[in-house]
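The structure appears right after this line, and notes come after that.
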């Protein structure tokens, strides 16, 4: 149910981007800023966000699962998303909470479609099934060259004790180029997307995110 203080349903905002684009940092900063303005915010991620989806995440990202075929990958992502939407995202929105999600269905089109070469019509059909028609109100695409993002991801892992590259970070550079180009194709002409230049320092990217989000929010009545 929508909060009695809210003039409209809460927003569902997603962050997308290649490895190392800074999504995790920026989504946390936006969540904190929204909470400071008095909104109730759920911060979540994909794959994962609930116990069943987290278990699937561990299968998807393990480096020793390099032999996983693209169809299996697609269906595992769909299974994790179906559980995540049913158990976490829908209930939060129904309760009047704003939901910020680190990746959602667009990631499947970028990674399994453009990256792996699976048919986009098939992926869209699977996405509709897994999301039950739920579409983000706003999607922030943090963009930077694939080589820069991958270098960031590996530097991040080097700073974390015991952290290793996941299965996607170990892919060849051509794969990451295809994913990045796929994201740009998805965003082109789509009013739901806002393209954020992510090569800057985190503080500057945060300002760019605010410049994209604030006018969008201003178009709706605030609580």
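Values quoted throughout were computed directly from the atomic coordinates according to the rules given, and no laboratory measurement underlies them. All figures in this text were calculated on a predicted structure; none of them were measured in a lab. Positions of Cβ are generated from backbone atoms using ideal geometry, with glycine treated the same way; all protein chains shown enter the neighbour counts.
Using only alpha carbon pairs under 8 Å that are at least six residues apart, calculate the relative contact order of the chain and give it in whole percent.
Worked out over the chain, it gives 33 percent.
Taking every C-alpha pair closer than 8 Å and separated by at least 6 residues, the mean separation divided by the residue count of region 25-131 gives a relative contact order of 33 percent.
Which whole number in µm²/s is D for the chain by Stokes-Einstein, with the Kirkwood Rh taken over Cα pairs at 10 °C and 1.306 mPa s?
The calculation lands on 89 µm²/s.
Once both labels are positioned 7 Å from their Cα atoms along Cα-to-Cβ, the gap between residue 119 and residue 154 label points is 3.7 nm. Fewest-first ordering of 207, 23 by other beta carbons within 10 Å of each residue's beta carbon gives 207, 23. Only helices enter the 222 nm calculation for the chain: every DSSP H run of n ≥ 4 contributes -39,500 (n - 2.57), and dividing by all residues gives -15000 deg cm²/dmol, rounded to 500.
Each label point was placed 7 Å from the Cα along the Cα-to-Cβ direction; for residue 132 and residue 68 their separation is 2.5 nm.
When 173, 68 are sorted by how many other C-beta atoms sit within 10 angstrom of their C-beta, beginning with the fewest, the order is 173, 68. Say each of residue 40 and residue 192 gets a label point 7 Å from the Cα, pointing the same way as Cα to Cβ; how far apart are those two points in nm? Placing both labels 7 Å along Cα→Cβ, they lie 2.5 nm apart. Going from the residue with the fewest nearby Cβ atoms within 10 Å to the one with the most, 50, 101 rank 50, 101. In region 82-132, the alpha-carbon atoms span a convex hull of 68 Å³ per residue. D by Stokes-Einstein for region 1-128, Kirkwood Rh over Cα pairs, 4 °C, 1.567 mPa s: 83 µm²/s.
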